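> Here's a structure for you.
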Amino acid sequence: MIGVELRKLFRRPRTWVTIALLNALPVLVAVLLVLTDLAPRPGEGPAFLSAVLTNGTLFPLAALAIVLPLFLPIAVAVVAGDSIAGEAQGGTLRYLLARPAGRTRLLVAKLVAVIAFVLVTVVIVAAVGYVVGTTLFDVQPLATSTGLSGTVLTPEQVAGRTLLAIGYVTISMLGVAAFALFFSTLTDSPQLATLGALAVLIGSSLLFTLDAASAIAPYLPTRYWLSFVDFFRDPVLWRDVTRGIGLQAVYVVVLLGAAWANFTTKDVTS
Amino acid sequence: MASGGRRFGWRWVVVALGLAVLVALPVAVAALPADDTDVSAADLRARALASDDVAFSGYAISTGGLTLPLGDALTPVADLLSDQTTMRAWYRGAEDWRVDVVTATGETGTHRDTDGTWTWDYADQRATRGDEPPLALPTAPDLLPSALGRRLLSEATDAEVTRTAPARVAGRDAVGLRYTPADGAASVSAVDVWLDADTGLPLQVVVRSADTTIPALDTRFLDLDTTEPTAATTSFTPPTDASLGQDQDLTDLDLGRRLADVDLPDGLAGLIRREAEGVPGAIGVYGTGITVLAVTPLPGQAARSLRSQLQATPGAVVDDLGVRISAGPLGLMLIGSRETGAFLLAGTVTLDALATAAQQLSDTTGVR
């Protein structure tokens, strides 16, 4: 069933249109940087964007930082919100459930498909960022980069930490996917499920800026999203990275459980 | 129908129970009772002061509750005392440590060695070398609980410290100590320090003022490991493409250069003038412990600018003596005029003590 869902997702043109649109913004930013030579100061603007003028191999990280706050979660919410509600709206859900696999397996297959979408999307954003960065910006074969702590990172270290960052960003999106998937079991409207997940994210981002909400800040789904930057400190700051992974795991477990509790007992008529 | 209802029920019960366990876990961990130790307050204070040879790595957060009407030049100090500062620290000894201020997309690291400090600023891609000036503005490393706790307790007398309840800080048992300044002019009502039960290292410091329940400053470790960090972690070599600079000593700034010599009284508001290393002669420092008042003459332009800022501060008291404000335990007062010259009085004293000091200063110097 997982294979079926994966094939279905990646054969849809809109999946690739979504990924293409996601890449448009970092590419536009890169072109503007090249044309104007105006990068933000280090520590300002999206992470690592300031460094790409002198080292294009860092652009994959800048590209991830550009899409992470808004565009990537929107794409994930759209795909995950569509997973069950889209089938219900299209009248195909009851046919899917006619297969002997059962509702729980369908739910898991949908989640795996969404996770695969997130991973493929993040990897493509990073890959396009690498191609764009090394094409448009200066790259020296033995270039070394200065990390946030002022220590020198070799190209191998940058590559290894970039892979870790890609993995972390993928995990960071699982909470969004879980929210959208849960909402997708509550309604027959994929738009409503997507908007529900986005409302949670906007609320989380807003609360994170308020001192009055500091007591609940460690539990907000967006709290640790930017912690992929911590891979480029020396020594690596694992504290927020591990908390971010743990928090996403909790959201996935709880929301998938709620989705399972709701979906396996729901009257499916469409 | 009935079986559907039961099926609906148990699934949601499982989810609700799982959620309850997950929510309760952090609360239960936070509520774990801390072990106390039967040690006197004076002995605990001595252990804290002797903890400067305890090596550690840690992660700390400092939260300032002061809103200071300071100009652009002192914005970093105002931010330090009014915002949240997140720090990573590695400590091998008093002359071998590193403190990084961590932000979402950057960091500023201070590396201490035997000859001074390197400060790395990622935002400016700049490494700055500094020696150990006797007079310096507060920086993030000063707010690390271990450093601040030792500094504040070093000013206390045994009679001013008492034991308080233990707490769990950074997942460790921490024994409580309260420093209550005895001086009547003090605006700091208490300094609460929690010390690591094993090493005596200050793990949390809370500075309180009498006029509000919100701490003026709360700095604490969230993680602590007493394994000695490697020398490679604390050392620093500037990147080849970084710009290099030299820290400017405060006594080289306008603060020390343009001040006219004045005869300041030996005591103000019941506080005795004391010697302070590196402080220019025109600046008077009064008081003991954490009850300190500094008095400095101000050049005309600086005085006019500060007077405007102070008068615009909510709660400012403006009378014949001058203008004075309090920001938590910190009091500021400006007296004088263009004709007679101006003085700034600043310190951890009450507004009444500031007024008394201003009156005595005016009587002595003729400034009004």
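> How large is ³J(HN,Hα), in whole Hz, for each residue of segment B:13-29 in order, when computed from phi with the Karplus curve 6.51 cos²θ - 1.76 cosθ + 1.60 and θ = phi - 60°, using x for Gly and Pro?
Listing the rounded values in order: 5, 4, 5, 5, 5, x, 5, 4, 4, 5, 6, 6, 4, x, 5, 5, 5 Hz.
> Which Rg and Dmax, in Å, describe the Cα atoms of segment B:163-217?
Expressed in Å, the Cα Rg and Dmax of segment B:163-217 come to 12.1, 37.
> Simple spin-label model, 7 Å along Cα-to-Cβ: B:T288 to B:T164 in nm?
About 2.3 nm, to one decimal.
> When the label point is put 7 Å from the Cα of B:D35 along its Cα-to-beta-carbon vector, which residues of segment B:179-208 have a backbone N closer than 11 Å?
B:197-198
> Follow-up question, since we're still on this one. Between A:T265 and A:I202, what length in nm is gained on full extension when 0.36 nm per residue of separation is reduced by their alpha carbon distance?
19.7 nm
> What ³J(HN,Hα) values, in whole Hz, does the Karplus curve 6.51 cos²θ - 1.76 cosθ + 1.60 give for segment B:53-68 when θ = phi - 60°, with x put for Gly and Pro?
Working through the residues one at a time gives 9, 8, 7, 6, 10, x, 10, 9, 10, 10, 10, x, x, 9, 10, 9 Hz.
> Assign one of three labels to segment A:46-183, namely rounded, prolate or oblate, based on the Cα gyration tensor with a ≥ b ≥ c the square roots of its eigenvalues; rounded applies when a/c is under 1.5, prolate when it is not and a/b is larger than b/c, and oblate otherwise.
prolate
> If you don't mind, there's one more thing I want to ask. Kindly state, as a whole number, the per residue volume in cubic angstrom of the convex hull around the alpha carbon atoms of the protein assembly as shown.
Cα convex hull per residue, to the nearest whole number: 185 Å³.
> What fraction of the DSSP beta bridges in the protein assembly as shown is antiparallel, stated in percent and rounded to the nearest 5? It would help to have the intermediate numbers written out before the result.
On the way: 96 of 100 bridges.
Of all bridge pairs located within the protein assembly as shown, approximately 95 percent are antiparallel.
> Given the DSSP H assignment, sum -39500 (n - 2.57) over each helix run of at least 4 residues in chain B and divide by its residue total; what's the result at 222 nm in deg cm²/dmol, nearest 500?
-7500 deg cm²/dmol
> If you don't mind, there's one more thing I want to ask. Which ³J(HN,Hα) values in Hz, rounded to whole numbers, follow from the phi angles of segment B:100-117 under the Karplus curve 6.51 cos²θ - 1.76 cosθ + 1.60, where θ = phi - 60° and Gly and Pro get x?
The phi angles translate into 9, 8, 9, 10, 4, 10, x, 6, 10, x, 10, 10, 9, 10, 5, 9, x, 10 Hz.
> Give or take rounding to whole Å, what are the principal axis extents of the alpha carbon atoms in segment B:41-246, in descending order?
Extents along the principal axes: 53, 41, 32 Å.
> Could you check the simple spin-label distance between B:L17 and B:D131, using points 7 Å along Cα→Cβ, in nm with one decimal?
Each label point lies 7 Å from its Cα, and together they span 7.0 nm.
> Taking 8 Å as the Cα distance limit and 6 or more residues as the minimum spacing, I'd like the relative contact order of segment A:1-153 as a percentage.
36
> Report relative contact order for segment A:206-255 in percent, whole number only (criteria: Cα-Cα under 8 Å, sequence separation at least 6).
Normalised by residue count, the contact order of segment A:206-255 is 28 percent.
> Also: Just for the Cα atoms in segment A:2-263, what are the lengths along the principal axes, largest first, rounded to whole Å?
58, 43, 29
> Normalised by the empirical 2.2 N^0.38 Å for globular proteins, what value does the Cα Rg of segment B:126-171 take?
For segment B:126-171, the normalised Cα radius of gyration is 1.64.
> Which FRET efficiency, nearest 0.05, do B:E228 and B:D142 yield, Cβ-Cβ r, R0 22 Å?
0.45
> 5 Å is the cut-off here: which amide hydrogens, built 1.01 Å from N in the peptide plane, fall below it relative to B:A216, excluding neighbours closer than 5 in sequence?
Long-range HN contacts for B:A216: B:V207, B:R208, B:S209.
> Now, a different point. At 222 nm, what value in deg cm²/dmol follows for chain A if DSSP H runs of at least 4 each add -39500 (n - 2.57) and the sum is divided by all its residues, to the nearest 500?
Using -39500 (n - 2.57) per qualifying helix, the result is -22500 deg cm²/dmol.
> Could you give log10 I(q)/I(0) at q = 0.07, 0.09 Å⁻¹ for chain B, computed by the Debye formula over C-alpha point scatterers of equal weight, without solvent?
Ignoring solvent entirely, the Cα scatterers give -0.38, -0.60.
> How high is the relative contact order of segment A:2-263, in percent, with contacts defined as C-alpha pairs under 8 Å that are six or more residues apart?
Result for segment A:2-263 is 24 percent.
Read the figures in this text as sums done on the coordinates, not as results from a lab. Please read these numbers as outputs of a predicted model, since none were measured by experiment. Here Cβ is always computed from backbone atoms with ideal geometry, including for glycine, and neighbour counts include all displayed protein chains.
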